[in-house]
Amino acid sequence: MTKLIVPGDPVPQGRPRVYHTRYGVRGVDPAKSRSYKQLVQHYARQQWHRDPLSAALRVSLTVYRPIQRSGARAQKIAKKNGTIRPTVKPDVDNYYKAVSDALTGIVWCDDNQIVEIAVAKFYDDGDGPRVEIEVEEL
């Protein structure tokens with residue numbers, strides 16, 4: 001099993017803007033999603049020193065969101081300890097989509113190789129906002 005860490009505020013996959021051209025319809029990632037995918041690729045290239053995997057994969061993604069500044073002290077402590085989990089938008093699947101698209105061609109050849117996923121959202125536990133990715137060949 002291999003673990004990758006992407007520090008910084010996690011960014012979910014945004015809705016693509018659709019443009020109609022004379023050649024057909026084209027979808028373009030929002031700028032924020034595009035720059036986050038580049039950040040994920042940057043850290044992946046620093047931490048992944050092998051060829052992309054080609055076997056069936058199990059991927060686990062843990063998202064650590066920043067804790068809001070407002071709120072009671074006891075509530076902030078409970079968020080940091082994992083007692084209170086983020087039940088607000090964005091959805092976990094949007095975080096997963098951004099990361100899995102970014103790692104295609106670096107960690108795995110194609111994201112259709114992923115046959116098992118687990119995604120969890122937590123508040124920052126003191127190590128800073130980040131995304132931790134665990135990849136295991138089956």
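The values are calculated or read from the model by the stated rules, or taken from the named source; none is laboratory data. Quick caveat, the model's predicted, so the values are computed rather than measured. We place every Cβ from the backbone using ideal geometry, glycine too, and count neighbours over all the protein chains shown.
Side notes on the structure shown:
- In the stretch 102-137, of all residues being at pLDDT below 95 and in contact with a Lys or Arg (Cβ under 8 Å, 6 or more places away or on another chain), the one that is farthest from residue 60 (Cα to Cα) corresponds to 126.
- When each of 60, 54, 33 is tested for being surrounded by fewer than 13 Cβ atoms within 10 Å (Cβ to Cβ) and not basic (Lys, Arg), the lone residue that passes is 54.
- On the stretch given as the stretch 97-113, residues that are farther than 13 Å from residue 135 by Cα, part of a helix (DSSP H, G or I) and not small (Gly, Ala, Ser) total 3.
- Residue check for residue 72: of a type outside the set (D, E, K, R) and in contact (Cβ under 8 Å) with a residue 60 or more places away in the chain: no
- Among residues of the stretch 114-138, those that are assigned to a strand (DSSP E or B), charged (D, E, K, R) and surrounded by 12 or more Cβ atoms within 10 Å (Cβ to Cβ), counted: 6
- Complete set of residues in the stretch 75-113 that are exposed (fewer than 15 other Cβ atoms within 10 Å of the Cβ) and touching a residue at least 60 places away in the same chain (Cβ under 8 Å): 91
- Pairs where the first residue, in the stretch 9-21, is closer than 18 Å to residue 38 by Cα and the second is surrounded by fewer than 10 Cβ atoms within 10 Å (Cβ to Cβ), C-beta under 8 Å, 6+ apart: 16/27
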